[in-house]
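The values are calculated or read from the model by the stated rules, or taken from the named source; none is laboratory data. Nothing here was measured: the structure is a model prediction, and the numbers come from that model. Counting neighbours? That spans all protein chains shown, and the Cβs are built from the backbone with ideal geometry, glycine included.
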């Protein structure tokens, strides 16, 4: 079973450009099978995307990830290579993104804009209340108990038990934006022979969307049907307006074909 990995990348890197960071150490992160490999400084600031080839045998960073992260030897014409968007296209999608294309949650930290969007304790409190109400309810209850016992810390996060504080940190981290395809690459790789070049280009680059890490993880583990893919396309590309999506008839027809083919591939993937 695939497990997300975070590994150190050898070599000295240019200093991180985020103010007051300056880190020259880098890490590579792979969150989903056939997904993007994100390079970040040791403090988590986005540095760029890297192709899988750089981490396979004979690549620049060969051996950094565990052997099971992705196939070590992949032929030049393998389906996996054909469904990987370019780093430039991924960056373009993130540059234009203000929030997750699926759940509409704004990130606590945008990967391309350096500084945290949610900076102060008040910002975190407000963000949790609006976007993570279950976590907010647990935090509010814990703070109320703490104050009833006579404690009144200036920073409310210091009053939380360690496990709840970790939950808050994870909620903020899971909101960070990454890129994903409407039909995930692992499934898209199984249907490349069913698509024309135009349809495949559309599925790989045209259907590349910005999503939060929470949504990306959920989509990897959940088998989706054709309607779910169409709904994701409408939500992420057309702001939830299906009439607007259908009005672009050529793309809608391509999307219907890609969604149907991707859904039929689901049983084979589950049994693999």
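Pull up the range 245-255, narrow it to residues that are in contact (Cβ under 8 Å) with a residue 24 or more places away in the chain and buried (at least 18 other Cβ atoms within 10 Å of the Cβ), then point me to the one that is farthest from residue 234 (Cα to Cα). Walk me through it before giving the result.
Step one: filter the range 245-255 for residues in contact (Cβ under 8 Å) with a residue 24 or more places away in the chain, giving 251, 254-255.
Now restrict to residues that are buried (at least 18 other Cβ atoms within 10 Å of the Cβ): 254-255.
Values: 254: 13, 255: 10 Å.
Here the residue is 254.
Of the residues making up the range 90-104, those that are over 18 Å from residue 234 (Cβ atoms) and surrounded by 15 or more Cβ atoms within 10 Å (Cβ to Cβ) are 90, 91, 92, 94.
Could you check, for the range 70-89, whether at least one of its residues is farther than 19 Å from residue 201 by Cα, under 20 Å from the mean Cα position of the chain (by Cα), assigned to a helix (DSSP H, G or I) and at pLDDT below 85?
Restricting attention to the range 70-89, the residues satisfying the condition of being farther than 19 Å from residue 201 by Cα are 70-75.
Keeping just the survivors that are under 20 Å from the mean Cα position of the chain (by Cα) gives 70.
Then drop every residue that is not assigned to a helix (DSSP H, G or I), which leaves none.
Checked against the condition, which is being farther than 19 Å from residue 201 by Cα, under 20 Å from the mean Cα position of the chain (by Cα), assigned to a helix (DSSP H, G or I) and at pLDDT below 85, the range 70-89 yields no hits at all.
Rundown of residues vs (1) in contact (Cβ under 8 Å) with a residue 12 or more places away in the chain; (2) in the same structural domain as residue 87 (by TED's automatic domain parsing); (3) surrounded by 19 or more Cβ atoms within 10 Å (Cβ to Cβ), yes/no style:
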residue	(1), (2), (3)
210	yes, yes, yes
216	yes, yes, yes
225	yes, yes, no
242	no, yes, no
257	yes, yes, no
